[in-house]
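The values are calculated or read from the model by the stated rules, or taken from the named source; none is laboratory data. Predicted, not measured: the structure shown is a model, and the values here were computed from it. Heads up, the Cβs are rebuilt from the backbone with ideal geometry, glycines too, and the neighbour counts pull from every protein chain shown. The accessibility values were calculated without ligands, DNA or RNA, using every heavy atom of the protein model including side chains. Shrake-Rupley method; radii C 1.70, N 1.55, O 1.52, S 1.80 Å.
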Amino acid sequence: MRGGLLLTLPPEANNAVGEVIEKLKQRLPLLDYLRQQNWTGRPTGDGSEFVGLCPLHTETRPSFYVNTRKNLFYCHGCGQGGDLLRFVQLSRDLSFRESLAYLELLSAPPADAATVLEQAATFYQQQLECYPEALDYLAQRGLHNPATIQELRIGYAPGASLRRHLTAQGYSFDLLWRLGLLNAQGRDAFYRRVVFPCCQGGHVINLYGRSITTAFAHRFLHGSKGGLYAWDQVQQCSEVILVEGLFDYAVLWQAGFRHVTCSLGTHLNACQFQQLCDRPRTVYLTFDKDANGSGQQASQQLAIRLRAQGIFTRRVLLPDGHDPNSFFVHGGDRGQFQSLLEAALP
């Protein structure tokens, strides 16, 4: 177990160890662990205490006692006693941190990244309704339909509670830190951000956090953003509206456009480009009409690449200075956007 999980913790995270230990003891009582190691004991007294042969030294007369109420052991033969962590140190000749890492691996549920991210996304979604500032921000961005917010699983990270929630589910601090959900101090990396889960193949593969203030940058977690957002829902469509950002996607979905997807930026990765080219279709490129022209330039370059693969393209020309999100925020409606689609240029 040299180099186990908790040996990778940054020094700043040491203050979280006590909390981790307590959660671990709750998940794995001492008696349960001993029985996993084939220790047998008989109840004594009121049934909260068990006695058997000591696993720490050779003996023929039982002198090893386990108190299930206090979750402690004591051997009258060798004089050793303590809690679960102390027993592992003695029985396996491990250091404190090595023992803690060993027990975390033993007691933690299967912890692939998708499972943890799914739980984080669900937690954020549950928090949203409790924080008016997050709902106000969504309203400012044109999202006012509760059904849309629920369908897209939009959530909110208020901070200070994600670590407590996920460690209570059995996930280690180190795992949450390595995934990027927590920083080195144990704080929520998405603090004061509206959160969108990004899914692929039915699994959450990343989270996107949009700051509700100007004080924090928008962010993804470490790792790939994956393919086109919500691609599974539009893969069979003969016409697809492609937008840059998730709020662009959200307002179009709210307006009833179900053949929309999002590239999470103007530059498509190889997977996203291949998805658009997997069958004959028309792609409506609906990138920002910004002042510096970067959105339209990216749109033109992408159109050339797609046409080379036999994909029909139409460039949707929004009013100057607008993206799809701001178009709806400033009074645009479904009929007006449909007119823009019909007027789109080859």
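How many residues are modelled with pLDDT of 95 or more and open to solvent by 10 Å² or more (accessible area, probe 1.4 Å) if we restrict to the range 281-298?
Qualifying residue count, the range 281-298: 2.
Check Thr60, Thr40 and return the single one that is open to solvent by 80 Å² or more (accessible area, probe 1.4 Å), assigned to a loop (DSSP other than H, G, I, E, B), over 29 Å from Thr167 (Cβ atoms) and at pLDDT 90 or above. Spell out how you get there, then give the answer.
Working: Thr40 fails: at pLDDT 90 or above.
Just a single option satisfies the conditions, and that option is Thr60.
Looking at the range 45-60 only, could you name the residues that are without any contact (Cβ under 8 Å) to a residue 24 or more places away in the chain, of a type outside the set (Asp, Glu) and within 15 Å of Leu72 (Cα to Cα)?
Within the range 45-60, the subset without any contact (Cβ under 8 Å) to a residue 24 or more places away in the chain is 45-53, 57-60.
If we keep only those that are of a type outside the set (Asp, Glu) too, we end up with 45, 47-48, 50-53, 57-58, 60.
Passing the criteria: Gly47, Ser48, Phe50, Val51, Gly52.
Return yes or no: is Leu117 part of a helix (DSSP H, G or I), at pLDDT 80 or above and out of contact with any helix residue (DSSP H, G or I) (no Cβ under 8 Å at 6 or more places or on another chain)?
Working: part of a helix (DSSP H, G or I): yes; at pLDDT 80 or above: yes; out of contact with any helix residue (DSSP H, G or I) (no Cβ under 8 Å at 6 or more places or on another chain): no.
Against the criterion (part of a helix (DSSP H, G or I), at pLDDT 80 or above and out of contact with any helix residue (DSSP H, G or I) (no Cβ under 8 Å at 6 or more places or on another chain)), Leu117 does not qualify.
When the residues of the range 175-204 are filtered to those that are within 10 Å of the chain's Cα centre (by Cα) and not in a loop (DSSP other than H, G, I, E, B), which remaining residue is nearest to His218 (Cα to Cα)?
Val195
Which members of the range 299-320 meet the condition of being open to solvent by 60 Å² or more (accessible area, probe 1.4 Å) and within 30 Å of Gln140 (Cα to Cα)? Before the answer, list the steps.
Within the range 299-320, the subset open to solvent by 60 Å² or more (accessible area, probe 1.4 Å) is 300-301, 304-305, 307-309, 312, 314, 317, 320.
Correct list: Arg314, Leu317, Asp320.
Across the range 22-37, which residue is surrounded by the fewest Cβ atoms within 10 Å (Cβ to Cβ) among those that are aliphatic (A, V, I, L, M) and within 18 Å of Gln80 (Cβ to Cβ)? Steps first, please.
Of the residues in the range 22-37, the ones aliphatic (A, V, I, L, M) are 24, 28, 30-31, 34.
Next cut, within 18 Å of Gln80 (Cβ to Cβ) only: 30-31, 34.
Numbers: Leu30: 23, Leu31: 18, Leu34: 21.
Restricting to residues being aliphatic (A, V, I, L, M) and within 18 Å of Gln80 (Cβ to Cβ), the top hit is Leu31.
Determine which member of the set Gly77, Gly82, Gly52, Gly41 is of a type outside the set (Val, Ile, Thr) and touching an Asp or Glu at 6+ places or on another chain (Cβ under 8 Å).
Details: Gly82 fails: touching an Asp or Glu at 6+ places or on another chain (Cβ under 8 Å); Gly52 fails: touching an Asp or Glu at 6+ places or on another chain (Cβ under 8 Å); Gly41 fails: touching an Asp or Glu at 6+ places or on another chain (Cβ under 8 Å).
Gly77 is the lone residue from the list that is of a type outside the set (Val, Ile, Thr) and touching an Asp or Glu at 6+ places or on another chain (Cβ under 8 Å).
Determine if the range 292-301 includes at least one residue that is of a type in the set (S, T, N, Q), closer than 27 Å to Arg153 by Cβ and out of contact with any His (no Cβ under 8 Å at 6 or more places or on another chain). Let's see the steps before the verdict.
In the first step, residues of the range 292-301 are kept if they are of a type in the set (S, T, N, Q); the result is 292, 294, 296-297, 299-301.
Filter once more, keeping what is closer than 27 Å to Arg153 by Cβ: none.
No.
Just a yes or no: is a residue in the range 231-239 of a type in the set (A, V, I, L, M, F, W, C), modelled with pLDDT under 95, open to solvent by 30 Å² or more (accessible area, probe 1.4 Å) and under 22 Å from His203 (Cα atoms)?
The answer is no, given that none of the residues of the range 231-239 is of a type in the set (A, V, I, L, M, F, W, C), modelled with pLDDT under 95, open to solvent by 30 Å² or more (accessible area, probe 1.4 Å) and under 22 Å from His203 (Cα atoms).
I'm checking my understanding of the structure. Among residues of the range 127-159 that are small (Gly, Ala, Ser) and more than 21 Å from Ala113 (Cα to Cα), which one is least open to solvent (accessible area, probe 1.4 Å)? Walk me through how you get there before you give the answer.
Step one: list which residues in the range 127-159 are small (Gly, Ala, Ser), which gives 134, 139, 142, 147, 155, 157, 159.
Now narrow it down to the ones that are more than 21 Å from Ala113 (Cα to Cα): 134, 139, 142, 147.
Details: Ala134: 0, Ala139: 59, Gly142: 15, Ala147: 49 Å².
Out of the qualifying residues, it is Ala134.
May I ask you to verify whether Leu84 is touching a helix residue (DSSP H, G or I) at 6+ places or on another chain (Cβ under 6 Å) and either of a type outside the set (Lys, Arg) or surrounded by 16 or more Cβ atoms within 10 Å (Cβ to Cβ) (or both)? Outline the logic, then answer.
Details: touching a helix residue (DSSP H, G or I) at 6+ places or on another chain (Cβ under 6 Å): yes; either of a type outside the set (Lys, Arg) or surrounded by 16 or more Cβ atoms within 10 Å (Cβ to Cβ) (or both): yes.
It is true that Leu84 is touching a helix residue (DSSP H, G or I) at 6+ places or on another chain (Cβ under 6 Å) and either of a type outside the set (Lys, Arg) or surrounded by 16 or more Cβ atoms within 10 Å (Cβ to Cβ) (or both).
Looking only at residues that are open to solvent by less than 10 Å² (accessible area, probe 1.4 Å) and of a type in the set (Gly, Ala, Ser) in the range 96-111, which one is modelled with the lowest pLDDT?
The qualifying residue modelled with the lowest pLDDT is Ala101.
Mind listing just one residue for me: the one in the range 168-227 that is β-branched (Val, Ile, Thr) and within 21 Å of Thr115 (Cβ to Cβ) and, of those, surrounded by the fewest Cβ atoms within 10 Å (Cβ to Cβ)? Working first, answer last.
Taking the range 168-227 as the starting set, the residues that turn out to be β-branched (Val, Ile, Thr) are 194-195, 204-205, 212-214.
With the extra rule that they be within 21 Å of Thr115 (Cβ to Cβ), the set shrinks to 195, 204-205.
Details: Val195: 22, Val204: 21, Ile205: 18.
Among those that are β-branched (Val, Ile, Thr) and within 21 Å of Thr115 (Cβ to Cβ), it is Ile205.
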